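Undergrad: Could you have a look at this structure, given as structure tokens, before my questions?
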Amino acid sequence: MPRVLSCIQPTGSVHLGNYLGALVNWVSGQHDGDVYHGIVDLHALTVTETPHVLGNQTIELAAMLFAVGLDPNVATVFVQSHIHEHSELAWIMECTVSYGELSRMTQFKDKSAKREGDFISAGLFTYPALQAADILLYDADEVPVGEDQRQHIEITRDIAIRFNHRFGDTFVLPKAVHPKAGARVMDLQDPTSKMSKSATTDSGIIYMLDENSVIEKKFKRAVTDSDGVVAYDRENKPGVANLLDILAAASHTTVENLVDQYSQYGPLKKDAGDAVIALLDPIRTRYHELMNDRGELARLLSIGNDRAREVAAQTLGRAHNAIGLLPRI
Ligand code: TYM
């Protein structure tokens, strides 16, 4: 059984990109591997300055992860800041990655450009070192993520290779796994940008907790093009291609199966919206049930935290031994 790990940040509301690009696969994969899923609150700290926000966002995200179908008795769901080994291994990772490598990360370039004039934390720059720690702590073979995370998994491999070369075989080399459909869900209003919490307007983002009528409206207003032909061409017809991708992912079929069934944009938008509503409606109901039972949520999280802590402590110990730090006296 492969060891699988993937994480998500508790920054704002979970959207359709997170769901189709990541969470669907976490749920479908939970019985095929020994799986670990982290709510990475320390990563969110790179762009969060307001006090008393992250804790709430963390519990809301936990409720969402259980609502989409992660079973805490099968999948290990944990909170990053509850496992202190993440921060400790992150420092070792920072000393194993170079300034040049971190400077080439497109996510840092994008995020720091968007924050121009604002506070840009050093944590935003060293973010990939913490992400490498998340992955390597659990000896992950596979990391299921959307396309946007490809570079972060590659740098994790490079760090692991360098560490193993310097100090001896310690870390498992992970590989990124991308979903067939939904790996890159684009913004409905700006289909050349990925659907993202950091977009300037909400009208192109489908949030998991959006009401059905709101979802319907957002699909109806989705940006397409003026040539009126339904064809899959990401480059020249990004809006239509995105709708086809979303409909394929939401209705568990392929774009090839769909593309000939439509000759107009209106029905394509309607069907994409309906398929997404059918997918999200039951999840929303489960989410609200869980949010009304905080004691149960805390209990479910503690199951995962205990299991995660055990694995993380062993791996960190292995890394300390490999480096040859003086054992605790
Ligand atoms: P985050 O929190 O931004 O996103 C969580 C997951 O959702 C995927 N995703 C998308 N997939 C398709 N289309 C989109 N528009 C879209 N937007 C987001 C992401 O690819 C991701 O799989 N750095 C990570 C969190 C992280 C992590 C890790 C991931 C920290 N440590 C260790 C894997 C392993 C991030 O910011 O994801």
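Throughout, read-outs are computed from the coordinates displayed, never taken from laboratory work. Note that this is a predicted model, so its numbers are computed, not measured. Positions of Cβ are backbone-derived with ideal geometry, glycine not excepted, and every protein chain shown enters the neighbour counts.
Undergrad: With a Förster radius of 25 Å, plug the Cβ-Cβ distance of Asp32 and Gln314 into 1/(1 + (r/R0)^6) and report the FRET value to the nearest 0.05. Provide the component values of the computation, followed by the final result.
TA: On the way: r = 23 Å, r/R0 = 0.94.
After rounding to 0.05, the efficiency reads 0.60.
Undergrad: Also, quick follow-up: When we measure straight from the Cα of Lys270, which aspartates and glutamates land under 12 angstrom away, once same-chain ones fewer than 8 places off are left out?
TA: Straight-distance partners of Lys270: Glu216.
Undergrad: Using alpha carbons only, how many degrees (0 to 90, rounded to 10) separate the axis of helix 294-323 from the longest principal axis of the chain?
TA: 50
Undergrad: Given the options Ile206, Ile120, Ala62, identify the residue whose Cα lies farthest towards the positive end of the charge dipole of the chain (+1 on Cβ of Lys, Arg; -1 on Cβ of Asp, Glu).
TA: Ile120
Undergrad: Let me ask another. Enumerate the amide H contacts of Val77 below 5 Å, restricted to partners 5 or more residues apart or on another chain; note that Pro and chain-start residues carry no placed amide H.
TA: Counting only residues 5 or more places away or on other chains, the set is His37, Gly304.
Undergrad: Still on this model: Local charge sum around His15 (other residues, Cβ-Cβ under 12 Å, Lys/Arg +1, Asp/Glu -1)?
TA: Values: positive: Lys194, Lys197, Lys218; negative: Asp187, Asp202, Asp210.
Computed value for this residue: 0.
Undergrad: Just the number, please: Stokes-Einstein D of the range 212-289 in µm²/s, Kirkwood Rh from C-alpha pairs, 10 °C, 1.306 mPa s. Walk me through the numbers before you get to the answer.
TA: On the way: Rh = 12.9 Å.
It diffuses with D of about 123 µm²/s by this estimate.
Undergrad: Which of the aspartates and glutamates could be linked to Lys217 by a straight reach, that is with a Cα gap under 13 Å, when you skip same-chain ones fewer than 8 residues away?
TA: Within reach: Asp202, Asp271, Asp274.
Undergrad: Multiply the residue gap between Asp202 and Lys180 by 0.36 nm, knock off their C-alpha separation, and tell me the result in nm, one decimal place.
TA: Gain on extension, Asp202 to Lys180, equals 5.3 nm.
Undergrad: Between helix 54-67 and the chain, what is the angle of the helix's C-alpha long axis to the longest principal axis, kept within 0 to 90° and rounded to the nearest 10?
TA: Once rounded, one gets 60 degrees.
Undergrad: For the pair Glu256 and Leu102, how long in nm is the line joining their label points, each one 7 Å along Cα→Cβ?
TA: Rounded to a tenth, the inter-label distance reads 4.5 nm.
Undergrad: Enumerate the amide H contacts of Lys175 below 5 Å, restricted to partners 5 or more residues apart or on another chain; note that Pro and chain-start residues carry no placed amide H.
TA: Glu142, Val143
Undergrad: So how strong a dipole does the chain carry about its Cα centre when Lys and Arg Cβ are +1 and Asp and Glu Cβ are -1, to the nearest 20 debye? Before the final figure, lay out the partial values.
TA: Values: 31 positive and 43 negative charges, 82 e Å.
The calculation lands at about 400 debye.
Undergrad: Follow-up. Along the charge dipole of the chain, pointing to its positive end and built from +1/-1 on Cβ of Lys, Arg, Asp and Glu, which listed residue (Val143, Ala248, Gly273) has its Cα farthest out?
TA: Val143
Undergrad: Taking a label point 7 Å from the Cα of Asp306 along the Cα→Cβ vector, which residues of the range 68-98 have an amide N closer than 14 Å to it?
TA: Label zone hits: 72-74, 76-77.
Undergrad: Can I ask one more? Would you calculate, for the chain, the mean residue ellipticity at 222 nm contributed by helices, counting each DSSP H stretch of 4 or more residues as -39,500 (n - 2.57) and dividing by all residues, to the nearest 500? Don't skip to the answer; put the middle values down first.
TA: Working: 13 runs with 164 residues, N = 329.
Estimated from H runs of four or more residues: -15500 deg cm²/dmol.
Undergrad: On to the next question. Enumerate the lysines that Lys109 could reach by cross-link, defined here as Cα to Cα under 30 Å, with residues fewer than 8 away along the same chain left out.
TA: Within the straight-line limit of under 30 Å, Lys109 reaches these lysines: Lys175, Lys180, Lys194, Lys197, Lys218, Lys237.
Undergrad: Summing Lys, Arg as +1 and Asp, Glu as -1, what charge do residues with Cβ under 13 Å from the Cβ of Val259 carry, Val259 excluded? If you can, show how the numbers build up before the last one.
TA: Working: positive: Arg234, Lys237; negative: Asp233, Asp245, Glu256, Asp260, Asp271.
Charge balance near Val259 sits at -3.
Undergrad: Here's something else I'd like to know. What is the Cα centroid distance between the range 266-323 and the range 134-188, reported in whole angstrom?
TA: If you average the Cα positions of each part, the centres end up 19 Å apart.
Undergrad: Treating only the Cβ atoms of Lys and Arg (+1) and Asp and Glu (-1) as charged, compute the dipole magnitude of the range 212-289 about its Cα centre; round to the nearest 20 debye. Write out the running numbers ahead of the final one.
TA: Details: 10 positive and 12 negative charges, 82 e Å.
Result for the range 212-289 is approximately 400 debye, rounded to the nearest 20.
Undergrad: Round to the nearest 10 and give me the degree value, 0 to 90, for the angle of helix 238-250's Cα axis relative to the longest principal axis of the chain.
TA: That works out to roughly 70 degrees.
Undergrad: Excluding Phe108 itself, what net charge comes from residues whose Cβ is under 12 Å from its Cβ, given Lys and Arg +1 and Asp and Glu -1?
TA: On the way: positive: Arg104, Lys109, Lys111, Lys114, Arg115; negative: Glu101, Asp110.
So the environment of Phe108 carries a net charge of +3.
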